[in-house]
There are 2 protein chains.
Amino acid sequence: MAYASGAAIGQAVASITPAKARIVSAAAGLFAEHGVGGTSLQMIADAIGVTKAAVYHQYKSKDEIVVAVARAELARVETVLDAAAASGPEQARAALLTGMVDLAIERRRMESTLTGDPVLNRAFSVDEHFRQVMDRLYRGLVGQDSTAEARMAAAMLTAAIGGAVMHPLAQDLNDDVLRSQLVRLGRRFLELPD
Amino acid sequence: MAYASGAAIGQAVASITPAKARIVSAAAGLFAEHGVGGTSLQMIADAIGVTKAAVYHQYKSKDEIVVAVARAELARVETVLDAAAASGPEQARAALLTGMVDLAIERRRMESTLTGDPVLNRAFSVDEHFRQVMDRLYRGLVGQDSTAEARMAAAMLTAAIGGAVMHPLAQDLNDDVLRSQLVRLGRRFLELPD
DNA sequence: GTCTATACGCGGATAGAC
DNA sequence: GTCTATCCGCGTATAGAC
């Protein structure tokens with residue numbers, strides 16, 4: 001399959017009908033569990049109790065569903081960025097850290113797919129809007145300077161958060177413990193005071 | 001597909017014939033690029049220039065190939081652990097850190113699949129031998145205590161290293177810069193002296 | 001160890017009725 | 001919006017010759 005040009009990811013969120021929303025929601029969960037490649041339209045259809053044809057009536061291809069899921073997830077990151085920006089320049093970094101931690105915990109299962117799935121990643125990596133959002137995120141975390149060290153710190157921090165929530169070692173920790181530890185330890189990457 | 005019980009992953013490394021080694025090597029590369037679900041036996045066969053049937057002669061199912069790949073990768077982690085242990089208790093943590101960094105850089109492209117692929121992850125997470133190796137790894141990194149914080153620190157550090165090497169922000173850094181930054185920031189995270 | 005040939009089901013995708 | 005029915009290709013897997 002060709003998997004859509006990432007350009008579509010960044011488009012304005014089209015009017016989402018309830019039927020489409022159900023599909024995107026179900027698809028997101030299945031992608032998280034089986035990966036994009038391991039999720040069939042039949043599985044998505046079954047999950048919401050309709051036939052494949054009904055799914056196809058909403059989205060012309062699996063590709064479009066992938067894009068819709070990616071777009072929805074990206075929107076959540078933007079929400080965090082906006083909220084952090086609104087909290088003022090002083091607390092922006094800390095707010096960004098806690099916001100990203102919350103987001104990662106919320107979608108715990110999903111996280112690995114979002115950051116690791118080859119299909120999703122390829123779609124994302126060529127998408128301009130996605131890059132802009134990520135750029136905002138990294139700048140918010142490490143500041144304006146684009147030294148190798150600053151970039152690596154941001155890379156490691158986001159990878160650490162995303163990877164830790166679904167890590168086997170963290171499986172038996174409840175969300176609250178997980179959150180507090182992630183925020184606390186995450187500060188070490190940013191060299192923020194405890 | 002049923003995907004093998006993880007138990008098989010931990011079995012002693014069977015005598016690996018050259019034919020099997022070629023398959024495992026090709027499969028590992030393809031898994032990294034397309035994910036496990038996105039990789040067909042036809043792709044593996046094509047990659048090494050034989051037919052599907054020839055592949056099936058070596059491994060009775062795709063499942064077995066997945067297990068073999070996982071086992072091979074786990075063995076590399078064990079090698080790092082053994083080397084670190086041999087370096088003496090004083091330098092063990094630092095040696096472990098640099099060893100894991102080297103390993104991650106070596107398989108840069110591969111890393112996301114290893115840590116993120118749902119199929120691989122599920123096979124791993126129920127595998128006893130895998131857990132033992134990971135236990136050794138995180139004990140080596142954060143010490144004997146099994147507090148939530150220690151476990152989270154180990155999870156975050158391994159995720160950070162694995163995730164950072166394939167991170168968009170690190171894409172334009174050469175291996176040497178990447179290595180030194182990872183070790184430096186990793187040490188800071190572990191609160192080891194510079 | 002590798003091949004050709006083949007079975008069988010599932011995946012994505014479409015047509016047309018309700 | 002959803003259905004039934006159908007198409008086609010590819011995926012896994014097996015049999016048997018060389």
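For chain B, a simple Cβ point-charge model (Lys and Arg +1, Asp and Glu -1, everything else neutral) yields a dipole of about 360 debye relative to the Cα centre.
Taking the longest Cα principal axis of chain B as reference, the axis of helix B:18-34 is set at about 70 degrees.
Say R0 is 30 Å: what FRET efficiency, to the nearest 0.05, do A:SER40 and A:VAL126 get from their beta-carbon distance? It comes out at approximately 0.75. Which shape class, rounded, prolate or oblate, goes with region B:109-184 when its Cα gyration tensor gives a ≥ b ≥ c as root eigenvalues, a/c under 1.5 marks rounded, and past that a/b bigger than b/c marks prolate? In terms of gyration-tensor shape, oblate. The GluC sites (Glu not before Pro) of region B:114-194 meeting both criteria, a DSSP state outside H, G, I, E and B (loop) and at most 14 other C-beta atoms within 10 angstrom of the site's C-beta, are B:GLU191. In terms of distances greater than 19 angstrom between alpha carbons, the cross-link table entries A:LYS20/A:LYS52; A:LYS60/B:LYS62; A:LYS20/A:LYS60 yield A:LYS60/B:LYS62.
By the helix-only formula, in which each DSSP H run with n ≥ 4 contributes -39500 (n - 2.57) and the sum is divided by residues, chain B has a 222 nm mean residue ellipticity of -22500 deg cm²/dmol. Using a cutoff of 8 angstrom between alpha carbon atoms and counting only pairs six or more residues apart, the relative contact order for chain A works out to 26 percent. Its Cα gyration tensor gives the protein assembly as shown an equivalent ellipsoid. The semi-axes, each the square root of 5 times an eigenvalue, are 31, 30, 18 Å from largest down. For B:ILE44, A:ILE48, the sequence from fewest to most other C-beta atoms within 10 Å is A:ILE48, B:ILE44.
As a rough guide to protection, the peptides B:33-40, B:73-80 ranked by mean Cβ packing within 10 Å, highest first, stand as B:33-40, B:73-80. Taken over chain B, the convex hull of the Cα atoms encloses 131 Å³ per residue. The phi-based Karplus calculation (6.51 cos²θ - 1.76 cosθ + 1.60; θ = phi - 60°) puts the 3J(HN,Hα) values of region A:182-188 at 4, 5, 4, 6, x, 4, 5 Hz, whole numbers, x for Gly and Pro.
Mean per-residue shielding of peptide A:144-154 is 5, counting Cβ atoms of other chains within 10 Å of each Cβ.
Of the residues B:SER112, A:LEU182, A:PHE31, the one whose Cα sits farthest towards the positive end of the charge dipole of the protein assembly as shown is A:PHE31 (charges of +1 on Lys and Arg Cβ, -1 on Asp and Glu Cβ, taken about the Cα centre). Take each residue in B:30-40, count the other chain C-beta atoms within 10 Å of its C-beta, and the mean is 4.
Where a number appears in this text, it was derived from the coordinates with a stated rule and is not lab data. No experiment lies behind these values; they were computed from the predicted model shown. For neighbour counting, all protein chains shown are included, and Cβ atoms are generated from backbone atoms with ideal geometry for every residue, glycine included.
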